[in-house]
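Q: This is the structure I want to talk about, given as structure tokens.
Just so it is clear, none of the values below were taken in a lab; they were calculated from the coordinates. Just so it is clear, the structure is predicted and the values come from calculations on it, not from any experiment. Don't worry about glycine lacking a Cβ; one is built from the backbone with ideal geometry, like all the others, and counts go over all protein chains shown.
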Amino acid sequence: MLRQLNDRAALELLIADGPLTRAELGERTGLSKVTAGQLLSRLEGRGLVSPVGEQAGGRGPNAALYGVVPSSAFVAGLEVLPDRVTAGVADITGRQIAQVAVDPNGDDDPVTIVHNAVRRVCQTARVAMSQLRACVIGTRGVVDPRSGDVRFSFDLPSWHEGVLAALSAGLGRPVIIENDVNLAVIAERAYGAARAESDFVLVWAGIGQGLGVMLGDRLHRGSTGGAGEIGWLPVPGEPLPADVTDPQSGSFQRLVGTQALAALAVAHGLPPASPAVQISVALSTLSGVRSAAAPRPVGAPDYAGFLDEVAARLAIGVAAVSVVLDPGLVVLSGDIGKAGGAMLAAMVEEAVARICPSSPHVTVTEVAGNAILRGALRAALELAREEVFDSTTDN
């Protein structure tokens with residue numbers, strides 16, 4: 001067991017800080033040079049590490065630098081939407097080596113859709129599907145934390161109980177299905193604005209509203225997987241849902257969904273566009289100034305008023321979460337969050353402080369690219385490393 005623990009610590013160090021020499025590895029793990037050398041020989045014999053160069057300096061021969069062999073394992077991650085599936089492949093070091101987008105072409109069979117996407121991305125990456133150690137899939141919907149199956153998805157009705165087993169059997173390897181916003185939280189913790197945070201929440205503002213909660217470096221999913229369905233948050237002045245199977249009927253969804261923000265933009269005289277585009281145009285027009293220095297011309301779009309109202313509406317959701325969880329950090333993500341950037345985040349922070357005794361710092365996501373896909377790949381890497389790094393020694 002001690003040897004296994006040392007091997008895993010060494011592999012994690014090499015991924016995080018490598019390449020390293022034998023002496024550097026021994027120093028950072030507390031192992032002697034002899035033991036570190038034996039460890040490297042053992043890992044090299046198993047194809048997990050290899051020399052990747054030399055470190056010059058000092059008298060005598062240059063010291064060999066060791067790194068983890070990228071091809072020792074691969075993982076796949078997917079984001080599944082009704083009209084598009086985005087798939088990626090990463091090697092064991094976490095480097096993404098391929099990404100493809102696949103049109104389901106009207107096919108609603110989850111196994112076929114996922115298998116085709118994984119096959120395409122593996123072909124692009126020139127990786128055999130048999131080399132995949134894990135696959136994580138992000139979907140819109142509630143995932144049962146006990147069974148791992150999708151319990152309910154308005155957008156993907158064919159994803160139901162039994163799909164997980166069928167996917168694992170079809171791919172011949174472990175498959176995890178996870179709520180898409182939860183995967184965005186994983187990505188934010190690994191690569192974004194929450195890298196130094198063990199407790200934070202992520203508010204996903206877009207077509208649908210979602211909330212991801214990280215407490216003590218662990219995702220909080222709730223007893224049924226429904227934690228974070230913030231679109232259902234009751235809001236004073238908004239009607240309560242008449243049909244709880246329709247996410248668009250949630251009170252907070254009615255307040256900050258794309259339809260609501262589109263109507264708000266019209267009321268403030270903004271030209272027709274998607275709410276995300278309208279927010280970007282408003283920010284660009286104001287050039288970082290909260291209100292115009294000169295009176296707004298009659299008939300001109302009221303960009304400042306539009307942004308103030310968007311921030312006030314988002315602040316209702318953030319305040320509701322803050323009085324319950326008291327997070328130190330709130331990250332805005334999704335199309336609306338990204339479009340608003342740092343300026344909208346600051347406006348939301350100010351609005352929350354006016355209506356809530358807690359004063360969380362509100363910032364915009366710092367995850368580049370597709371946060372859900374990156375979170376899926378990160379989650380798959382954790383599974384693969386558990387398997388590969390914990391099986392380095394003979395029984």
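Q: Given the Cα atoms of the chain, and with Rh set as the inverse mean 1/r over their pairs in the Kirkwood sense, what is Rg to Rh to two decimals? Each step should come with its number before you reach the end.
A: On the way: Rg = 24.1 Å, Rh = 23.2 Å.
Reported Rg/Rh (Cα atoms, Kirkwood Rh): 1.04.
Q: If you don't mind, another one. Let a ≥ b ≥ c be the square roots of the eigenvalues of the Cα gyration tensor of region 87-171; is it rounded (a/c under 1.5), or, if not, prolate (a/b larger than b/c) or oblate?
A: On the way: a/c = 1.99, a/b = 1.57, b/c = 1.27.
Verdict is prolate for region 87-171.
Q: Over its Cα atoms, what ratio of radius of gyration to 2.2 N^0.38 Å does region 2-68 give?
A: On the way: Rg = 11.1 Å, N = 67, 2.2 N^0.38 = 10.9 Å.
Cα-based Rg divided by the globular estimate yields 1.02.
Q: Now for a separate question. So what is the orientation-averaged projected area of region 194-366, using the convex hull of its C-alpha atoms, in nm²?
A: Result: 10.6 nm².
Q: Among Val49, Ala9, Gln99, which residue has its Cα furthest toward the positive end of the charge dipole of the chain, with +1 on Lys/Arg Cβ and -1 on Asp/Glu Cβ?
A: The residue sitting most towards the positive pole is Val49.
Q: Taking springs between alpha-carbon atoms closer than 10 angstrom, which of Ala36, Ala276, Ala265 fluctuates most in the Gaussian network model of the chain?
A: Ala36
Q: Given the convex hull over the Cα atoms of region 308-395, what projected area results after averaging over all orientations, in nm²?
A: On the way: hull surface 30.9 nm².
Answer in nm², one decimal: 7.7.
Q: Right, something else. With r as the distance between the Cβ atoms of Ala128 and Ala263 and R0 = 51 Å, compute the FRET efficiency 1/(1 + (r/R0)^6) and round to 0.05.
A: Values: r = 51 Å, r/R0 = 1.00.
E(calc), rounded to 0.05, equals 0.50.
Q: Please work out how much length the chain gains when fully extended from Glu387 to Leu13, using 0.36 nm per residue of separation minus the C-alpha to C-alpha distance, in nm with one decimal.
A: Working: separation 374, 0.36 × 374 = 134.64 nm, distance 1.68 nm.
That pair, Glu387 and Leu13, stretches by 133.0 nm at full extension.
Q: Arranged from highest to lowest average of other beta-carbon atoms within 10 Å per residue, in what order do the peptides 351-359, 179-187 appear?
A: On the way: 351-359: 16.1, 179-187: 27.4.
Highest to lowest by the protection proxy: 179-187, 351-359.
Q: Assuming R0 = 45 Å, what is the FRET efficiency of Asp103 and Ala56, from their Cβ-Cβ distance, to the nearest 0.05? All intermediate terms of the calculation are to be shown ahead of the outcome.
A: Values: r = 52 Å, r/R0 = 1.15.
With R0 = 45 Å, the Cβ-Cβ based efficiency is 0.30.
Q: Let me check against my output: what whole-number percent is the relative contact order of the chain, with C-alpha pairs under 8 Å and at least 6 apart?
A: Values: 742 pairs, mean separation 64.4, N = 395.
Computed over the chain, the figure is 16 percent.
Q: Something else now. Order the peptides 234-245, 97-108, 15-26, 332-343 from the highest to the lowest mean number of other Cβ atoms within 10 Å of their residues.
A: Working: 234-245: 11.2, 97-108: 14.2, 15-26: 18.2, 332-343: 21.7.
Top to bottom by mean Cβ count within 10 Å: 332-343, 15-26, 97-108, 234-245.
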